[in-house]
Amino acid sequence: MAWALKLPLTDEVIESGLVQDFDASLSGIGQELGAGAYSMSDVLALPIFKQEESNLPPDTDNKILPFQYVLCAATSPAVKLHDETLTYLNQGQSYEIRMLDNRKIGELPDITGKMVKVRSIIRVVFHDRRLQYTEHQQLEGWRWNRPGDRILDLDIPMSVGIIDPRANPSQLNTVEFLWDPSKRTSVFIQVHCISTEFTMRKHGGEKGVPFRIQIDTFKENENGEYTEHLHSASCQVKVFKPKGADRKQKTDREKMEKRAPQEKEKYQPSYETTILTEVSMLINLLPTATPQDAQQWLHRNRFSQFCRLFTSFSGADLMKLTREDVIQICGPADGIRLFNALKGRVVRPRLTIYVCQESQQARDQQPKHENGDAAANTFFVYHAIYLEELTAAELTEKIAQLFNISPRQINQIFKQGPTSIHVLVSDEMIQNFQDEVCFVLDTMKGI
């Protein structure tokens, strides 16, 4: 059996190179990868000719992130190559963060006629793992010594394009706001704590601890709540007393100028702005996480359906749960996933399938042995598709991403059944796929 994509015959589809071979046969596919690789009943069809493969970037290269956040402050020149950038900030000074949308127009459709907004949460957190585990105590100590002050503030008069800015009095290191990705948005922040306030000794001259500025962005769900995670990014900073950051930047620059040319090559140049780097969704949950942080962690790690069950659970509460506890609460499959995620293990996708973009025509043109089998040195490249929701809509979106086209250009997906009939792929069909099954993709002209 095979799958086929049904696409409308538009100029865009023709130019994309997808509509190349409408009548490709599927004979001999089961023998392509040798015995036991996959059977005829496990094959799905869709062609990208072999000569075009070199134009396809690897999965991990040239990745376009949905958003980009740019902190308008220079990076230090005293950072070695391949190390993370470090940026110096002055206490209480307003710094601009430009909120940029890298997605193509239309990926957040405006079907209601209302402005499409997202919510971003900015936090100042500790970079060092030791301080992360004692974050609650550290922040409470700072609150005690600085009553009425905040660690992080928004400079609202300077900011552009932000809506409904908020600063929760109980969360000194967090601010949040709504913004429209289609419009220019710049948020100005002020950090009021300095790095040396959290060093263990206070005799003067100590190195200050680094912080992280982290931004998490969410979109609105069907209930009007901003809980669906879109993107997270962060950067490393140190905060000095007023004008201290400028002096430190100057000192670093002078030190680098005195180094030999071959030594300078080991260090990064200083950039005028700091680009926040993407943070993995599988962020380890810390015991110090508040119930709100724990809710966000559950959403990011694809446990949204259990958020209500764990509404009042902090990070420590979740991490106290045993394997038996989470299995009893969430069921065997999701319970084991959640337990592994809480322990910092890699969470496997619910379903993995492998798809080949090689056209059937190209397969048929491969040299064969006398017995009709493909030559031993012939191989075809497959791409992994990871599914979580197990729906036809999700599969359509993932295949569209693979071919760099819009999901709207794919009308329907079929799986070739007995006697070459075309069976419409449904949610139920996908939910009954075997894990790690192989398919060959082919296209057919839309009716």
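Residue count for segment 59-104, restricted to those that are assigned to a strand (DSSP E or B), of a type in the set (D, E, K, R) and at pLDDT below 95: 2.
One line per residue, one yes/no per condition, for (1) within 30 Å of Asp334 (Cβ to Cβ); (2) part of a helix (DSSP H, G or I); (3) modelled with pLDDT under 85; (4) not aliphatic (A, V, I, L, M):
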{"position": "Gln236", "(1), (2), (3), (4)": "no, no, no, yes"}
{"position": "Asp246", "(1), (2), (3), (4)": "no, yes, no, yes"}
{"position": "Glu263", "(1), (2), (3), (4)": "no, yes, no, yes"}
{"position": "Leu285", "(1), (2), (3), (4)": "yes, no, yes, no"}
{"position": "Asp293", "(1), (2), (3), (4)": "yes, yes, yes, yes"}
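In segment 420-432, the residues that are over 13 Å from Leu395 (Cβ atoms) form Cβ pairs under 7 Å with partners that are of a type in the set (S, T, N, Q) and outside any loop (DSSP other than H, G, I, E, B), at six or more places apart or across chains, as follows: His422/Gln416. Among the residues of segment 154-170, not a single one is open to solvent by less than 80 Å² (accessible area, probe 1.4 Å), touching a Cys at 6+ places or on another chain (Cβ under 9 Å) and at pLDDT 90 or above.
With respect to being modelled with pLDDT under 85, more than 19 Å from the chain's Cα centre (by Cα) and charged (D, E, K, R), Asp427 falls outside the description.
Scan segment 79-95 for residues that are surrounded by fewer than 18 Cβ atoms within 10 Å (Cβ to Cβ) and hydrophobic (A, V, I, L, M, F, W, C) and the total you get is 1. Across segment 231-241, a minimum of one residue is classified as hydroxyl-bearing (Ser, Thr, Tyr) and surrounded by 18 or more Cβ atoms within 10 Å (Cβ to Cβ).
Identify all residues within segment 80-104 that are hydrophobic (A, V, I, L, M, F, W, C) and under 26 Å from the mean Cα position of the chain (by Cα); write none if there are none. Walk me through it before giving the result.
Within segment 80-104, the subset hydrophobic (A, V, I, L, M, F, W, C) is 81, 86, 89, 97, 99-100.
Listed by number, the residues that qualify are Leu81, Leu86, Ile97, Met99, Leu100.
Here Asp317 passes the criteria (1) modelled with pLDDT of 90 or more; (2) within 19 Å of Gly335 (Cα to Cα); (3) among the acidic types (Asp, Glu) except the one numbered (1). For residues that are without any contact (Cβ under 8 Å) to a residue 24 or more places away in the chain and open to solvent by 30 Å² or more (accessible area, probe 1.4 Å), scanning just segment 394-419, find the one that is farthest from the chain's Cα centre (by Cα). If we take residues in segment 394-419 being without any contact (Cβ under 8 Å) to a residue 24 or more places away in the chain and open to solvent by 30 Å² or more (accessible area, probe 1.4 Å), then Thr419 is farthest from the chain's Cα centre (by Cα).
Of all residues in segment 209-230, count the ones that are open to solvent by 60 Å² or more (accessible area, probe 1.4 Å) and part of a strand (DSSP E or B). Don't jump to the end; show me each part of the working.
Just the residues of segment 209-230 that are open to solvent by 60 Å² or more (accessible area, probe 1.4 Å), to begin with: 219-220, 222-223, 225, 228.
Next cut, part of a strand (DSSP E or B) only: 219-220, 228.
Looking only at that region, the number is 3.
Every listed requirement among (1) open to solvent by 70 Å² or more (accessible area, probe 1.4 Å); (2) at positive phi is met by Leu390 save one, (1).
Quick grid of which residues meet (1) closer than 25 Å to Tyr226 by Cβ; (2) crowded, with 20+ Cβ neighbours inside 10 Å; (3) touching a residue at least 60 places away in the same chain (Cβ under 8 Å); (4) in contact with a strand residue (DSSP E or B) (Cβ under 6 Å, 6 or more places away or on another chain):
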site	(1), (2), (3), (4)
Glu272	no, no, yes, no
Ile275	yes, no, yes, yes
Pro291	yes, no, no, no
Leu298	yes, yes, no, no
Ser312	yes, no, no, no
Met319	no, no, no, no
Thr322	no, no, no, no
Val326	no, yes, no, no
Gly331	no, no, no, no
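Between a first residue in segment 84-101 that is in contact (Cβ under 8 Å) with a residue 60 or more places away in the chain and a second residue that is polar (S, T, N, Q) and outside any strand (DSSP E or B), which pairs have beta carbons less than 8 Å apart while being 6 or more apart in sequence or on different chains? What qualifies is Thr85/Ser76; Thr85/Gln268; Leu86/Ser76; Thr87/Ser76; Tyr88/Ser76; Tyr88/Gln249; Asp101/Ser182. If you filter segment 333-371 down to residues that are open to solvent by 40 Å² or more (accessible area, probe 1.4 Å) and touching an Asp or Glu at 6+ places or on another chain (Cβ under 8 Å), you find that the one that is modelled with the lowest pLDDT is Gln361.
The values are calculated or read from the model by the stated rules, or taken from the named source; none is laboratory data. Since this is a predicted model, take the numbers as computed values, not measurements. Note that each Cβ is placed from the backbone with ideal geometry, even for glycine, and that neighbours are counted across all protein chains shown. Accessible surface areas use protein heavy atoms only, side chains included; no ligands, DNA or RNA. Shrake-Rupley method; radii C 1.70, N 1.55, O 1.52, S 1.80 Å.
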